[in-house]
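One structure below.
The values are calculated or read from the model by the stated rules, or taken from the named source; none is laboratory data. Nothing here was measured: the structure is a model prediction, and the numbers come from that model. Neighbour counts are summed over all protein chains in view; Cβ atoms, including those assigned to glycine, are modelled from backbone coordinates with ideal geometry. The area values use the complete protein model at the heavy-atom level, side chains included, leaving out ligands, DNA and RNA. Shrake-Rupley method; radii C 1.70, N 1.55, O 1.52, S 1.80 Å.
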Amino acid sequence: MTRLGFLIARTLRDESALQRLSVPQSALLADLAGKRIALIGNARALAQTDHGTAIDAAELVVRINRAPMPAAASHGSRTDWLALAVRLSDADRTRIAPARILWMSPKRKRLDWRTATSPGFYLHPLADYRALKDRLGAPPTTGAMMIDLIARSDMARLDLYGFDFFASLSLSGRRSAEQVPHDFSGESRWVQELERADRRIHRH
C-alpha cells in the first residue's frame with residue numbers, strides 16, 4: 001500500500017484495507033506461545049517498587065502508550081512490544097525503541113503511516129475491541145485489551161506490573177479517573193476473575 005492509499009483508507013475507515021498492513025492475529029498469538037511475558041502498566045505506584053530486574057528478565061516485555069520509565073530499578077529498561085492507542089512523538093519512539101508496535105485503539109484516524117508500516121505491525125480487530133467493551137460495560141483501556149489478547153495465547157506466564165486501576169493515577173498524564181471513559185473498578189474485578197481462572201496470570 002502506498003502512503004496515499006493508506007491516507008485514503010484511513011479517511012474512509014476502510015478496515016479491510018488497513019488490516020492488510022497488519023500481521024494476522026494468529027501469527028501474533030503464535031509469537032507469544034511458550035513465553036514468559038511482562039506487561040507493564042503506567043500506574044504511578046510502580047515507581048516506588050524494585051520490579052525492574054524481574055521485568056527485564058521476562059522473555060517478552062510489553063509496554064503501553066508512551067511507556068514512562070522513570071527508573072530502571074522500578075520499570076526495567078527493555079521494550080519488545082509497544083501497545084499503542086495514542087500518537088507517538090519521534091522522541092518517545094526513539095526512547096522506547098520497540099521492536100513491534102500494536103495499534104489497539106479503535107480510532108483509526110490516529111494511526112500514522114510510520115507506525116502502520118513498522119516491522120511486525122499489528123492492528124487489533126474492531127470486533128475484539130467491541131467484544132471486550134460489551135463484557136466490561138465501558139471502553140476498555142489499552143492494558144485491558146492487551147491482557148485479553150495475551151490471555152488467549154498459549155503463553156507460559158503473564159506478569160502484570162503497574163496495574164492498580166488508577167488507584168495511584170497514571171505516570172503518563174494528570175487526569176483523574178472521572179476524566180477518562182474507562183470503568184477501572186470493572187476492569188479490576190475482571191482481572192481478578194482472570195487470575196482466579198488462569199494460573200498463568202500474576203499481578204504484582
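Structure above, values below:
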item	result
Hits in segment 92-116 (condition: touching a residue at least 40 places away in the same chain (Cβ under 8 Å) and open to solvent by 70 Å² or more (accessible area, probe 1.4 Å))	LYS109
Search result, residues across segment 113-122 that are within 17 Å of the chain's Cα centre (by Cα) and not in a helix (DSSP H, G or I)	SER118, PRO119, GLY120, PHE121, TYR122
Qualifying residues in segment 24-47 (those that are closer than 21 Å to ALA156 by Cβ and part of a loop (DSSP other than H, G, I, E, B)) - the one least open to solvent (accessible area, probe 1.4 Å)	GLY41
Number of the condition not met by ALA9 [criteria: (1) part of a loop (DSSP other than H, G, I, E, B); (2) at pLDDT 95 or above; (3) more than 28 Å from ARG152 (Cα to Cα)]	(1)
Residues that are at pLDDT 85 or above and β-branched (Val, Ile, Thr), drawn from segment 123-181	THR141, THR142, ILE147, ILE150
Out of SER26, SER89, SER22, sole residue that is touching a residue at least 40 places away in the same chain (Cβ under 8 Å) and among the small types (Gly, Ala, Ser)	SER22
Meets criteria (touching a helix residue (DSSP H, G or I) at 6+ places or on another chain (Cβ under 6 Å) and closer than 30 Å to ARG78 by Cα) for ALA45	no
Residue match in segment 97-105 (condition: over 26 Å from PHE184 (Cα atoms), in a loop (DSSP other than H, G, I, E, B) and touching a strand residue (DSSP E or B) at 6+ places or on another chain (Cβ under 6 Å))	yes
Number of the condition not met by ASP56 [criteria: (1) farther than 16 Å from LEU123 by Cα; (2) open to solvent by 20 Å² or more (accessible area, probe 1.4 Å); (3) free of Cβ contacts under 8 Å to residues at least 60 places away in the same chain; (4) touching a strand residue (DSSP E or B) at 6+ places or on another chain (Cβ under 7 Å)]	(4)
Filter result (of a type in the set (S, T, N, Q), open to solvent by 10 Å² or more (accessible area, probe 1.4 Å) and outside any helix (DSSP H, G or I)) within segment 123-157	THR141
Among (1) within 28 Å of THR2 (Cβ to Cβ); (2) open to solvent by 20 Å² or more (accessible area, probe 1.4 Å); (3) at pLDDT 95 or above, the one test that VAL86 misses	(3)
